[in-house]
Amino acid sequence: MHTDTDRQVIEVTALRRRYGSFRSRTTKSATTANGTKRPIGTATPTGFEAVRGISFTVARGELFALLGTNGAGKTSTVELLEGLAAPSGGQVRVLGHDPYRDRAAVRPRIGVMLQEGGFPSDLTVLETARMWAGCTTGARPVAEALDMVGLTARHQVRVKLLSGGERRRLDLALALLGNPELLFLDEPTTGLDAEVRRETWELVRRLRDQGTTIVLTTHYLDEAEALADRLAIMHRGRIVASGTPAEVTAARPARIRFELPPGVSPAELPLSVPAAATGRRVEVRTERLQAALTELLLWARDKQVELVGLDARSASLEEAFLDIAAGERGELAA
Ligand SMILES: Nc1ncnc2c1ncn2[C@@H]1O[C@H](COP(=O)(O)OP(=O)(O)OP(=O)(O)O)[C@@H](O)[C@H]1O
């Protein structure tokens, strides 16, 4: 029987991370019964709190994306999950352990794809993978890891001669060497062209389908929309929206755009929802996309006008994100 700890690979509760130290609010001190001095007053936190009490879980086999504005606290959070630092408050459990205190138990079970591998660029792909395998507990065969990322044919090429996409794939192969149950991908497709990005997405999906739990941090919202089972958007150290991509966008209005037909003024439009016009370009924001679109199309047919450039779409994750970044409109409590 599976316990909750088996199911939840990551459990984060009221997690905080502060950079800097604590200082006493007073310089006065009192003498204690045994003659030693102790400061009077409460400790006051100084420094900067980058993670401000966030909670979330990641279930086994799930692909969870952490998104955020610049400086939102994504890296600070992921470092706590990887056990690279201790939290200043709250709790984090990874694979049932405290990843900082029980690092020896957690480390062999996780894989981390770094943004800059930092390997000697004169080594070949195979030499690099062998070197890394030598530092990895229970490494899978090097050939298997290279095959998984499609680098078999390039195994004798020096790293410095690889393309950007091939380097990212090598970074991923190294992260996969330990056969991780939990994989951290930090900006895995930054700097890659559209085709290589799509190939990387396919690879990430395959890993997820094979049962690997994946935590993805990315600046690309289309990437999160395409890959994530669930996601959290961070802003100033807090989670301001979370859920499936569909849940996160559901609360946002859909959009209809078209050119105002010649001889028609904005006031003549039939819409029961307000439309904003910039020159001849009209934009309608509505929570009832189908009804608004039907109303508009019936009106255009009756009036025998063409709606040039007609474009109707549900809210995208990108719009939800931009709304949050612009002013925390619709912000959910952390
Ligand atoms: N060592 C540090 N000391 C003090 N402040 C820090 C330190 N590291 C990060 N910060 C601050 O903490 C905040 C969160 O940084 P973090 O790198 O976690 O954000 P991020 O969401 O990963 O950002 P980005 O997307 O820009 O990489 C930022 O304001 C950053 O300046």
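The values are calculated or read from the model by the stated rules, or taken from the named source; none is laboratory data. The shown structure was predicted, so the numbers you read here are calculated from the model rather than taken from an experiment. Cβ atoms come from the backbone with ideal geometry, glycine included; neighbour counts cover every protein chain shown.
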- line: Just one listed residue, out of Arg130, Arg107, Arg38, is under 28 Å from the mean Cα position of the chain (by Cα) and either modelled with pLDDT of 95 or more or not hydroxyl-bearing (Ser, Thr, Tyr) (or both), and it is Arg107
statement: Residue set Leu183, Leu221, Leu231; condition modelled with pLDDT under 90 and touching a helix residue (DSSP H, G or I) at 6+ places or on another chain (Cβ under 9 Å); output residue Leu221
query: Limited to the range 100-142, what total is found for residues that are touching a Lys or Arg at 6+ places or on another chain (Cβ under 6 Å) and among the polar types (S, T, N, Q)?
result: 2
- prompt: Quick check: is even one residue across the range 290-311 surrounded by 14 or more Cβ atoms within 10 Å (Cβ to Cβ) and within 30 Å of Leu66 (Cα to Cα)?
  reply: no
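Thr137 - would you say it is within 18 Å of the chain's Cα centre (by Cα), closer than 27 Å to Pro108 by Cβ and not acidic (Asp, Glu)?
Numbers: within 18 Å of the chain's Cα centre (by Cα): no; closer than 27 Å to Pro108 by Cβ: yes; not acidic (Asp, Glu): yes.
No; evaluated as a whole, the condition is false for this residue.
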query: Given the conditions (1) part of a loop (DSSP other than H, G, I, E, B); (2) more than 19 Å from Leu221 (Cα to Cα), which single one is not true for Thr128?
result: (1)
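Based on this model, can you work out whether Ala72 counts as within 13 Å of the chain's Cα centre (by Cα), of a type outside the set (Ser, Thr, Tyr), within 16 Å of the ligand (Cβ to nearest atom) and not in a strand (DSSP E or B)? First the steps, then the outcome.
On the way: within 13 Å of the chain's Cα centre (by Cα): yes; of a type outside the set (Ser, Thr, Tyr): yes; within 16 Å of the ligand (Cβ to nearest atom): yes; not in a strand (DSSP E or B): yes.
Here the answer is yes, as Ala72 does meet what is asked.
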statement: Checked the range 241-277 for anything on the phi > 0 side of the Ramachandran plot and surrounded by fewer than 13 Cβ atoms within 10 Å (Cβ to Cβ); matches are Gly263
- prompt: Restricting to strands (runs of 3 or more DSSP E) lying wholly in the range 184-299: which have 2 or more residues that are away from the ligand (no atom under 16 Å from the Cβ)?
  reply: 213-217, 254-259, 275-278, 281-286
field: Qualifying positions in the range 137-152 - modelled with pLDDT under 90 and more than 19 Å from Arg168 (Cβ to Cβ)
entry: Thr137, Gly138, Ala139
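Working only within the range 79-112, note down all residues that are in a strand (DSSP E or B) and either touching a Ser or Thr at 6+ places or on another chain (Cβ under 6 Å) or not β-branched (Val, Ile, Thr) (or both).
Residues of the range 79-112 that are in a strand (DSSP E or B), as a first pass: 89-94, 97, 110-112.
Scanning the range 79-112 gives Gly89, Gly90, Gln91, Arg93, His97, Gly111.
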- prompt: Of all residues in the range 80-99, how many are within 16 Å of the ligand (Cβ to nearest atom) and surrounded by fewer than 18 Cβ atoms within 10 Å (Cβ to Cβ)?
  reply: 5
